[in-house]
1. Would you order Asp24, Asp47, Asp35 from fewest to most other beta-carbon atoms within 10 Å of each residue's own beta-carbon?
2. When the Karplus curve 6.51 cos²θ - 1.76 cosθ + 1.60 is applied with θ = phi - 60°, which whole-Hz ³J(HN,Hα) does each residue of segment 20-37 get, with x for Gly and Pro?
3. Cα-based Rg of segment 3-83 per 2.2 N^0.38 Å, rounded to two decimals?
4. What list of ³J(HN,Hα) values in whole Hz, one per residue of segment 44-52 in order, does the Karplus curve 6.51 cos²θ - 1.76 cosθ + 1.60 (θ = phi - 60°) give from phi, with Gly and Pro shown as x?
5. Which length gain, in nm to one decimal place, applies between Met44 and Glu6 when the Cα-Cα distance is subtracted from 0.36 nm times their residue separation?
Amino acid sequence: MAMLEEQLIVLKKTFDKYAGKDGDKGSLSKAELADLFHEEIPEMAGDKKQLDQFFASLDGDKDGTVSFPEFVQFAATLMLLYNAF
Ligand SMILES: [Ca+2]
Ligand SMILES: [Ca+2]
C-alpha cells in the first residue's frame, strides 16, 4: 500500500476514535481534540490557552468544530514539517 494511503487510513481511524465521543461522529469538538492530543501526541498537548489557539487554527471555517477535511489539512501540514527535517 502506498505510504500516503496508509497514513490517511491511520488518520481516519484516529479521527473516528475521538470524533464520536459526543455523538457527532462527523467532527471533533474542542473537548474531543483535547482528548486526542493527550492520548496520541502528549508531547504536543500544551496548556488550555495553547489548545484554544490550536483549535482556532484547525477550525478553518470557524464553525466551532474540526471536520475531517480540516483535520487532514492539519495532518498534511505536520507531515510536511516532519519531512522538512
Ligand atoms: Ca464529535
Ligand atoms: Ca470547522
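1. So the residues, fewest neighbours to most, are Asp47, Asp24, Asp35.
2. These are the phi-based 3J(HN,Hα) values: x, 4, 9, x, 9, 6, x, 7, 9, 7, 5, 5, 5, 5, 4, 4, 4, 4 Hz.
3. My calculation over the Cα atoms of segment 3-83 gives 1.03.
4. 9, 7, x, 7, 5, 5, 5, 5, 4
5. Net length gain for the segment: 11.5 nm.
Rule-based calculations on the coordinates, nothing more; no lab input. Values in this document were obtained by computation on a predicted structure and should not be read as measured data. FYI the Cβ positions are ideal-geometry reconstructions off the backbone, even for glycines, and counts take in every protein chain you see.
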